[in-house]
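Take a look at the structure set out below.
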Amino acid sequence: MTDEASARQFLDPQMGDIYPPEALAAVPEAADRITQAIESGKKIVIYGDYDVDGITAVSILWHCLTLAGANVEFYIPHRLEEGYGVNGDAIGVLADEGAGMVISVDCGVTAIEPAEIAKRRGVEFIITDHHQPATDASGQVTLPDALIVHPTVSRTGAADYPNPHISGAGVALKLAWAVAQSLSNSKKVSAAYRSFLVDATGLAALGTIADVVPLTGENRIIAQHGLRGLARSGLPGLTALIESAGLTGQSLSGYDIGFKLAPRLNAIGRMGHARLAVELLTRATSDEAKMIAKNLNDQNTARQKLQNRIAKEAREMVIEQRQNADTVRGIVLASSRWHAGVIGIVASKVMEEFGRPTVMIALENGVGQGSGRSVRNFAPARGLRVMPRSSYLLRRPCHGGRPADRLSKSGRLSHGVSESRGQMLTPVDLRPKLSIDDMVSLADLTPQLVSDFSRLEPFGAGNPPATLATDWLEVYGDPRTVGTNGSHLQVTLTDGRHRCKGIAFSMAKYADDLSNHRRCRVAFQPIMNEWQGRRTVEMQIADFQFPDR
């Protein structure tokens, strides 16, 4: 924050400060083309990604075009069978089925060959995306031959949209807004479209928070106002989804999106087909929505069990293969027992635990689909790109949290990744860092402090919750492990005058240290706990420090 006005705008973001749709390159032309397609009865297919950002982006445009009476369908590729992005085979099938226009959302900026196929087949192709474009051997950006709505690139040169970090759902929101204006013949949309845009902003908030784009500026406006709209939404699918997560009647936070709603939507794409999640958020009736929401909940439970099993196996492999040794700069793991849909999540956990860039590969018939996660200052694809393609890779890496590649010869890849990263990373790069915002005493932990911090919501990328730290404290009583598998740790700490409870998720391994040392410092986030009408401030502990370390 540079001044008081900026601080006030951050604390109280206004929808009036959101950028108009025409600020996004090619939006007016795209809206005109879509309006013409609607009026001519042309079949329109919305082609989306299988993650939450893509699912919500598809849903936003589908509701907009359906409200206009368009002949509209949607297409979601299968994560494991088709992979990320627009593929030429799918464009051919859609053309065979009579599509006259295909609109991509949250993907498409690298779809050079599919755009050529669409052109040959007479299918009008509009791309809306926010990911990085492809580059040629000289580093020059190469774009598909299509109309492109994108915050940073266009076919006529670099775009200069003020919010380069807008999500795919945010781009879809802007296009839907422009279509609504076009169909209303006015900058001020009709009452029906105003109501639609409230729900659309809620969907965009869901996609924005789930896609981990920076929650600052315009993204913060969409997230904060959209969260309010989500809680009040009349869409049967959103109502059922919120109910399945046990959040009915509550104010929604960024945490609720990231850890309760988004995982349910993502799970079906990882374990099955994301089309069902789009059905939930689009044409499902109330009864259908409840059944789909239950299915998503069941799939999420199955995903968690599978993820926990793979994480245990991966951790054992790292230790057994000594990939956690000081000389190892990168971890590569592979197994035919792993599900390609969840290895990205596990790679994040392995990376966090061992502090090394991690690639995990799900093998099938000697070929693997991999996913990589990395430490700061090192992009996962960078280490792969410097190695000879023929040695390891069947297909080049892609970006944005997508499957890193299809890989072969994982043993050689492991050596190659470790060697390349050894040249690029230092021991300092591998050392975990935790940023502390302030030091506090237990006396400072009041309900008013938690209330003040809540004004900074929604939290997420670019706007993390404040992390505080204490001086040395004594352990009061005995720490105990809690949770279904006893993986969490509950402890009470005291400075001699005040006491405060703390919960440390997935930190049961520190129970003996706490019992033996009886003193520690903690890094934590203050939270409000409500139990039987009593509200108390507690600590959600991020890390411990003990006297001998």
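The values are calculated or read from the model by the stated rules, or taken from the named source; none is laboratory data. Not measured: the values here are computed from a predicted model. When we count neighbours, we look across all protein chains shown, and the Cβ atoms used for this are built from the backbone with ideal geometry, even at glycine.
Going by the conditions given, is Pro458 in contact with a strand residue (DSSP E or B) (Cβ under 6 Å, 6 or more places away or on another chain), touching a residue at least 40 places away in the same chain (Cβ under 8 Å), closer than 30 Å to Leu206 by Cβ and not in a strand (DSSP E or B)? If you could, list the steps in order and put the result at the bottom.
Numbers: in contact with a strand residue (DSSP E or B) (Cβ under 6 Å, 6 or more places away or on another chain): no; touching a residue at least 40 places away in the same chain (Cβ under 8 Å): yes; closer than 30 Å to Leu206 by Cβ: yes; not in a strand (DSSP E or B): yes.
No, not satisfied.
Go through Val328, Val359 for me and flag whichever is at pLDDT below 90, among the aliphatic types (A, V, I, L, M), in a strand (DSSP E or B) and more than 21 Å from Gly272 (Cβ to Cβ). Give the steps one after another, and end with the answer.
Working: Val328 fails: in a strand (DSSP E or B).
Going through Val328, Val359 in turn, just one is at pLDDT below 90, among the aliphatic types (A, V, I, L, M), in a strand (DSSP E or B) and more than 21 Å from Gly272 (Cβ to Cβ): Val359.
What number of residues within segment 92-110 are crowded, with 17+ Cβ neighbours inside 10 Å and out of contact with any Phe, Trp or Tyr (no Cβ under 8 Å at 6 or more places or on another chain)? I'd like the intermediate steps shown before the answer.
Looking only at segment 92-110, we keep the residues that are crowded, with 17+ Cβ neighbours inside 10 Å, and these are 94-95, 99-110.
Checking the rest, the ones that are also out of contact with any Phe, Trp or Tyr (no Cβ under 8 Å at 6 or more places or on another chain) come to 95, 99-100, 106, 109-110.
Residues in segment 92-110 being crowded, with 17+ Cβ neighbours inside 10 Å and out of contact with any Phe, Trp or Tyr (no Cβ under 8 Å at 6 or more places or on another chain): 6 in total.
Would you tally the residues in segment 493-530 being at pLDDT below 90 and hydroxyl-bearing (Ser, Thr, Tyr)?
Number of matching residues: 1.
Could you pull out every one of the helices (runs of 4 or more DSSP H) wholly within segment 1-77 that has 3 or more residues that are at positive phi?
none
Is there any pair with a first residue in segment 288-309 that is modelled with pLDDT under 95 and a second that is surrounded by 15 or more Cβ atoms within 10 Å (Cβ to Cβ) and not in a helix (DSSP H, G or I) whose Cβ atoms are under 7 Å apart and which are 6 or more apart or on different chains, and what are they?
Correct list of pairs: Gln299/Gly272; Arg303/Val342; Leu306/His339; Leu306/Val342; Gln307/Val342.
To keep it simple, each residue is scored yes or no on (1) loosely packed, with under 15 Cβ neighbours inside 10 Å; (2) closer than 25 Å to Cys64 by Cα; (3) under 24 Å from the mean Cα position of the chain (by Cα); (4) not assigned by TED's automatic domain parsing to the domain that holds Ser104.
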residue: Ser6; (1), (2), (3), (4): yes, no, no, yes
residue: Leu11; (1), (2), (3), (4): yes, no, yes, yes
residue: Ala23; (1), (2), (3), (4): no, yes, no, no
residue: Val27; (1), (2), (3), (4): no, yes, no, no
residue: Gln36; (1), (2), (3), (4): yes, yes, no, no
residue: Ser40; (1), (2), (3), (4): yes, yes, no, no
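Please determine, by comparing only the residues of segment 44-69 that are in contact with a strand residue (DSSP E or B) (Cβ under 8 Å, 6 or more places away or on another chain) and among the hydroxyl-bearing types (Ser, Thr, Tyr), which one is surrounded by the most Cβ atoms within 10 Å (Cβ to Cβ).
Applying the filter and picking the extreme gives Tyr47.
I'd like to check something: does segment 153-175 contain any residue that is modelled with pLDDT under 95 and among the polar types (S, T, N, Q)?
yes
Might you let me know whether segment 400-411 holds any residue that is farther than 30 Å from Ile222 by Cα, part of a strand (DSSP E or B), at pLDDT 65 or above and among the hydrophobic types (A, V, I, L, M, F, W, C)? First the steps, then the outcome.
Step one: list which residues in segment 400-411 are farther than 30 Å from Ile222 by Cα, which gives 405-411.
In the following step, the residues that additionally are part of a strand (DSSP E or B) were identified as 405-408.
Filter once more, so that each one left must be at pLDDT 65 or above: none.
Scanning segment 400-411 turns up no residue that is farther than 30 Å from Ile222 by Cα, part of a strand (DSSP E or B), at pLDDT 65 or above and among the hydrophobic types (A, V, I, L, M, F, W, C).
Which of the residues belonging to segment 250-269 are crowded, with 24+ Cβ neighbours inside 10 Å and not in a helix (DSSP H, G or I)?
Passing the criteria: only Leu252.
Say we look at segment 439-470 and pick out the residues that are surrounded by fewer than 12 Cβ atoms within 10 Å (Cβ to Cβ) and in contact with an Asp or Glu (Cβ under 9 Å, 6 or more places away or on another chain); which of these is farthest from Asp543 (Cα to Cα)?
Among those that are surrounded by fewer than 12 Cβ atoms within 10 Å (Cβ to Cβ) and in contact with an Asp or Glu (Cβ under 9 Å, 6 or more places away or on another chain), it is Arg455.
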